[in-house]
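This report refers to the structure that appears directly beneath it.
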Amino acid sequence: MKAYRIHSIHSMSLDELQVQPVGNNCVKLKNLLCGISPTDVFAYTGKVRANYPIIPARRCVSFVSETGEGVTNVQRGNRVVVYPQASCHNCKPCKEGKYYACEKPTEFGIEDDGFLSDFSVVSADDVYAIPDRIKNEEAVYIEQTAIAINVINQLQIEKGAHLVIVGATEIGILLAQVAMYYQAVPIVVDMHEDLLDSARQAGAYYTINSVEEDVNKKVLAITGGHMANACAYLYSPSMPLQNVFDCTARRGRVALVGRLNADELKCNLKALVDKHLDLISVVDCGKNYPSAINMLANHTIRTDVFHQKIVEFNAVPAAFEEAAANGPDGVNLLVKI
């Protein structure tokens, strides 16, 4: 098979590799479209420690070209997506069939090979079939949609609740749409007007430019003086975590979304204690892949607001180098295989 591998920092090549055999309860995938995330670019630049040499990309749409013995959840010809982490199959949740709750998961593209290749072999337990009405360009956002649903569940968002979302990233904008689906009121905060415009196109009525406006005053006005019931912090350099506590109502909830680094988490916890806030961390999809697939299939979620750049397979190295030079904020690459 042909696969792009990152061998070391800023070193990538297209390699000819032997295809793995299709064992019991495994499937062979013909990969169609990969989504390149900031994490993939960080693996290329060395900001994320990866098991080099590594095939990047944990988000991919594929079809099943071969199935091993014992596979019952998908069949040859199905179009599928893969859960972003491989389950260990040995821990208690895995033995109970709860592979999404694996205690020792392996992240594709960082710890184990991802999907920037023409073929892959994975466990059928980590594969989900998708209906025809979900386009490939939409299906690459199933992971982020599932994370957004997990945030809503963990924050226990109720109808009519105000949710401040700091960071108009892909997950942030998807989170705003999921919140509106549950009849909550999202308030999207970011310093980049183009990203806030994407949030508005997705239906977010309230947006705040954290450079041009006083976030606390604006949230106070939107909420009628009560502040937000909950906040989701995806990181913004113009709004440190400390400020998030200020715009959250007393006894509210704050979610830290994603793998934030130490600098992004610096804050004084006194406000958290004084206001009796609940602080939680959401770093994965939980059991929400089927729900995310259903939302996209029913067109509850819009992904056409994201500025996708389609990259041909032979242009991958140049695209990675360009993304590394421009920074991760604008990374939204889709690779046709």
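The values are calculated or read from the model by the stated rules, or taken from the named source; none is laboratory data. Quick caveat: nothing in here was measured; it's all calculated off a predicted structure. Using ideal geometry, Cβ is built from the backbone for each residue, glycine included, and neighbour counts are taken over all protein chains shown. With ligands, DNA and RNA removed, areas are computed over all heavy atoms of the protein, side chains included. Shrake-Rupley method; radii C 1.70, N 1.55, O 1.52, S 1.80 Å.
One table, with the values for the structure above:
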read-out	value
Karplus 3J(HN,Hα) series, Hz, for the range 127-133 with 6.51 cos²θ - 1.76 cosθ + 1.60 (x for Gly, Pro)	10, 10, 6, 10, x, 5, 6
Given charges at beta-carbon only (K, R positive; D, E negative), |dipole| of the range 36-142 in Debye	260
Relative contact order of the range 37-96, defined on C-alpha pairs under 8 angstrom at six or more residues apart (%)	25
For residue 102, solvent-accessible area (1.4 Å; no DNA, RNA or ligand), Å²	20
Cβ-derived FRET efficiency at R0 30 Å, residue 98 paired with residue 298, nearest 0.05	0.75
Accessible surface of the range 121-211, 1.4 Å probe, proportion on carbon and sulfur as whole %	46
Sites excluded, GluC sites (Glu not before Pro) in DSSP loops with at most 16 other C-beta within 10 Å, longest stretch of the chain	214-337
Sequence of 200, 259, 253, 76 from largest to smallest accessible area, 1.4 Å probe	76, 259, 200, 253
Charge dipole (debye, nearest 20) of the range 171-279; +1 at Cβ of Lys and Arg, -1 at Cβ of Asp and Glu	520
Pairs beyond 19 Å (Cα-Cα), from 135/159; 135/287; 135/336; 2/47; 98/287	135/159; 135/287; 2/47
Förster radius 51 Å - calculated FRET efficiency between residue 73 and residue 194, Cβ distance, rounded to 0.05	0.80
Read-out percent of Cα pairs over 31 Å apart, derived from the coordinates shown; its label in (i) 39; (ii) 33; (iii) 25	(ii)
Extreme residue, positive dipole direction of the chain, given options 26, 127, 91 (C-beta unit charges)	91
Pairwise centroid distance, computed over Cα atoms, of the range 176-232 with the range 1-72, Å	36
Cβ charges +1 (Lys, Arg) and -1 (Asp, Glu), total dipole of the chain, debye	840
Residue 89 versus residue 242: modelled label distance in nm, points set 7 Å from Cα along the beta carbon direction	5.0
Residue of 142, 165, 280 that the Gaussian network model of the chain assigns the largest fluctuation, springs spanning Cα pairs under 10 Å	280
The range 196-250: C-alpha gyration tensor shape, a/c 1.5 cut-off, then a/b vs b/c	oblate
Net length gained if the chain between residue 14 and residue 283 were fully extended (0.36 nm per residue, minus Cα distance)	93.8 nm
Cα gyration tensor shape for the range 59-126, rounded if a/c is under 1.5, else prolate or oblate	oblate
Gyration tensor over alpha-carbon atoms, the range 234-284, equivalent ellipsoid semi-axes in Å	18, 13, 9
Span-rule helices in the chain, defined as complete DSSP H runs reaching 27 Å or more along the axis (Cα) with Kyte mean at least 0.0	none
Mean separation of Cα contacts under 8 Å, 6 or more apart, over the residue count of the chain: relative contact order %	18
Zero-based 5 Å bins, Cα pair distances in the range 288-337, whole percents	4, 18, 19, 16, 18, 12, 12, 1
Spacing of the two label points (7 Å from each Cα toward its C-beta) at residue 49 and residue 25, in nm	3.1
Solvent-accessible area per residue, Å², over the chain with all protein chains present [probe radius 1.4 Å]	45
Added length on full extension, which subtracts the Cα-Cα distance from 0.36 nm per residue, residue 266 to residue 137	42.8 nm
Cα gyration tensor, the range 199-337 - rounded (a/c under 1.5), prolate or oblate	prolate
